[in-house]
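*Asks:* First, the structure itself, so that you have it in front of you.
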Amino acid sequence: MLLLYAATIFLSALLLFMVQPMAAKGILPLLGGSPAVWNTCMVFFQALLLAGYAYAHALSRMKSKWGQVVVHCVVIVATAIALPIAVPGGWSPPVEGGQILWTLGLLAVMVGGPFFLLSTTGPLIQSWFARTGHRSASDPYFLYGASNAGSFIGLLGFPLVVEPAIGLKDQG
């Protein structure tokens with residue numbers, strides 16, 4: 001059971017840290033590689049990460065475990081509709097001004113749902129593990145190790161393995 005919890009958190013963190021550069025790289029042909037593009041992407045992903053943590057916190061406060069599962073399954077299904085991760089057709093940047101808001105909107109449509117869902121996994125799984133009868137359930141924070149390992153491998157794996165081996169379209 002512990003291996004399943006750790007593997008889920010590991011995989012979620014791995015994907016979370018691969019989605020960020022993939023999405024940012026996907027919009028570069030539209031906007032170029034200016035610092036404003038990268039900064040806007042960072043603000044977007046950090047804000048969505050915080051929103052995912054807030055959602056996980058609120059969901060974990062629900063008394064009914066099955067209620068949590070049902071709500072989260074609805075979020076999973078809604079997120080699946082947003083796949084694959086790709087720049088939607090017909091989007092072109094504004095000619096004058098408004099690029100930051102346009103970029104935020106594009107990122108929300110392109111990757112918002114999947115990124116949000118991935119950001120909820122670590123805290124939710126830890127919360128659910130804490131409710132099990134496992135001998136380590138009273139201190140589930142050791143699972144951060146799986147998250148940190150997944151994050152590290154994702155950060156290294158994207159530029160070193162995924163990007164050279166798989167085209168951007170197929171990555172999504």
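*Asks:* Quick one: in the stretch 70-88, which of the residues that are free of Cβ contacts under 8 Å to residues at least 24 places away in the same chain and either under 16 Å from Leu48 (Cβ atoms) or open to solvent by 80 Å² or more (accessible area, probe 1.4 Å) (or both) is farthest from the chain's Cα centre (by Cα)?
*Replies:* By that ranking, first place goes to Val70.
*Asks:* Count, please, the residues in the stretch 92-103 that happen to be touching a helix residue (DSSP H, G or I) at 6+ places or on another chain (Cβ under 8 Å) and open to solvent by 50 Å² or more (accessible area, probe 1.4 Å).
*Replies:* 3
*Asks:* Looking only at the stretch 52-71, decide whether some residue is of a type in the set (Val, Ile, Thr), in contact with a helix residue (DSSP H, G or I) (Cβ under 8 Å, 6 or more places away or on another chain) and within 22 Å of Leu106 (Cα to Cα).
*Replies:* no
*Asks:* Select from the stretch 145-172 the residues that are small (Gly, Ala, Ser) and either more than 25 Å from Gly89 (Cβ to Cβ) or in contact (Cβ under 8 Å) with a residue 24 or more places away in the chain (or both) and list them in ascending order.
*Replies:* Correct list: Gly145, Ala146, Ser147, Ala149, Gly150, Ser151, Gly154, Gly157, Ala165, Gly172.
*Asks:* Something else now. Taking Gln46 as meeting all but one of (1) closer than 19 Å to Leu107 by Cα; (2) assigned to a loop (DSSP other than H, G, I, E, B); (3) open to solvent by 70 Å² or more (accessible area, probe 1.4 Å), write down the number of the exception.
*Replies:* So Gln46 meets the others, but not (2).
*Asks:* Further, regarding this structure: With the requirement that a residue be over 27 Å from Cys41 (Cα atoms) and either in contact with a strand residue (DSSP E or B) (Cβ under 6 Å, 6 or more places away or on another chain) or surrounded by 10 or more Cβ atoms within 10 Å (Cβ to Cβ) (or both), what does the stretch 54-64 give you?
*Replies:* If the condition is that a residue be over 27 Å from Cys41 (Cα atoms) and either in contact with a strand residue (DSSP E or B) (Cβ under 6 Å, 6 or more places away or on another chain) or surrounded by 10 or more Cβ atoms within 10 Å (Cβ to Cβ) (or both), then Ser60, Met62 are the ones that fit.
The values are calculated or read from the model by the stated rules, or taken from the named source; none is laboratory data. Keep in mind it's a predicted model, so treat the numbers as computed, not measured. FYI the Cβ positions are ideal-geometry reconstructions off the backbone, even for glycines, and counts take in every protein chain you see. Heavy atoms of the whole protein, side chains included, go into the accessibility calculation; ligands, DNA and RNA do not. Shrake-Rupley method; radii C 1.70, N 1.55, O 1.52, S 1.80 Å.
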